[in-house]
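Structure, as structure tokens:
The values are calculated or read from the model by the stated rules, or taken from the named source; none is laboratory data. The structure displayed is predicted, hence computed values, not measured ones. As a convention, Cβ positions derive from the backbone with ideal geometry for all residues, glycine included, and neighbour counts pool all protein chains shown.
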Amino acid sequence: GAVVSQHPSWVICKSGTSVKIECRSLDFQATTMFWYRQFPKQSLMLMATSNEGSKATYEQGVEKDKFLINHASLTLSTLTVTSAHPEDSSFYICSARVSMSLSGRFNEQYFGPGTRLTVT
Amino acid sequence: KQEVTQIPAALSVPEGENLVLNCSFTDSAIYNLQWFRQDPGKGLTSLLLIQSSQREQTSGRLNASLDKSSGRSTLYIAASQPGDSATYLCAPDADKLIFGTGTRLQVFP
């Protein structure tokens, strides 16, 4: 159980176009999902917190108009990179949090496999 | 603002050694702390989660301890194997996970 999927797993797009990445919790409902970005040889940096039915909360320095997050249901959150530029090329990872996991742990997060974005 | 530091940044050892990976964090008001493993170019694999009320968790050859008051966690890897080679990340959770800088581990035969 507790599987999170991301689609696509990798994408190449041209500069100036927009790219949408989906994050789904397959066998559980998640009121809160998170989006992270990871540049080569660096750790994960939290971009935003996404709550179902409300606006996302962005971390300092992350442009909300560039990285559009929609959390329309308890199992799906999407990240749209608008007007992508080469510097947006990165590994994007989402996670979904459950208040109580099947193993009885509080606030456990489950991570998707990541999406590698390359902007040419 | 939570800041997380992991020491050492990199480690290269022969197989069979017992290892200690350290994590320190500045904000001790956390719900839990998770340890993850990341293979090159891949996503995260959750290894252990320690609730704030717990002192340690064990899974196979892995043991993680947590001293919340001092802002420290330690991951012990017993009898290391080449398959343990990866980057290990710790992440305390105070409403959101903040990741450490990671320890890049290489275990050679």
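Remarks
- Residue count, segment A:20-53 (criterion: buried (at least 18 other Cβ atoms within 10 Å of the Cβ), away from every other protein chain (no Cβ under 12 Å) and touching a His at 6+ places or on another chain (Cβ under 8 Å)): 2
- Residue in segment A:82-94 that is assigned to a strand (DSSP E or B), surrounded by 17 or more Cβ atoms within 10 Å (Cβ to Cβ), at pLDDT 95 or above and at the interface with chain B (Cβ under 9 Å from one of its Cβ atoms) present: yes
- Applying the criterion of at least 2 residues that are within 14 Å of chain A (Cβ to nearest Cβ) to the strands (runs of 3 or more DSSP E) found wholly in segment B:66-109 leaves B:86-93, B:103-108.
- Among residues of segment B:31-55, those that are surrounded by fewer than 15 Cβ atoms within 10 Å (Cβ to Cβ) and outside any strand (DSSP E or B), counted: 6
- Within segment B:29-39, the set of residues being modelled with pLDDT of 90 or more and more than 14 Å from residue B:64 (Cβ to Cβ) comprises B:29, B:38, B:39.
- Index of the failed condition, residue A:114 passing every other in (1) surrounded by 19 or more Cβ atoms within 10 Å (Cβ to Cβ); (2) modelled with pLDDT of 95 or more; (3) over 12 Å from the mean Cα position of the chain (by Cα): (3)
- Pairs where the first residue, in segment B:41-65, is more than 10 Å from every other protein chain (Cβ to nearest Cβ) and the second is hydroxyl-bearing (Ser, Thr, Tyr), C-beta under 6 Å, 6+ apart: B:48/B:59; B:56/B:65; B:63/B:76; B:65/B:74
- Any hit, segment A:12-19, residues being under 23 Å from residue B:93 (Cα atoms) and either more than 14 Å from chain B (Cβ to nearest Cβ) or at pLDDT 95 or above (or both): no
- The set of residues from segment A:1-51 being of a type in the set (Ser, Thr, Tyr) and in a strand (DSSP E or B) comprises A:5, A:25, A:32, A:36, A:49, A:50.
- Residues satisfying the stated conditions in segment A:40-68, i.e. out of contact with any Phe, Trp or Tyr (no Cβ under 7 Å at 6 or more places or on another chain) and closer than 18 Å to residue A:6 by Cα: A:51, A:52, A:67, A:68
- Odd one out for residue A:71, checked against (1) closer than 20 Å to residue A:2 by Cβ; (2) surrounded by fewer than 17 Cβ atoms within 10 Å (Cβ to Cβ): (2)
- The one condition in (1) under 28 Å from residue A:117 (Cβ atoms); (2) buried (at least 21 other Cβ atoms within 10 Å of the Cβ); (3) of a type in the set (A, V, I, L, M) that residue B:10 fails to fulfil: (2)
- Residue list for segment B:13-30, filter: touching a residue at least 60 places away in the same chain (Cβ under 8 Å) and crowded, with 18+ Cβ neighbours inside 10 Å: B:19, B:21, B:23, B:25, B:30
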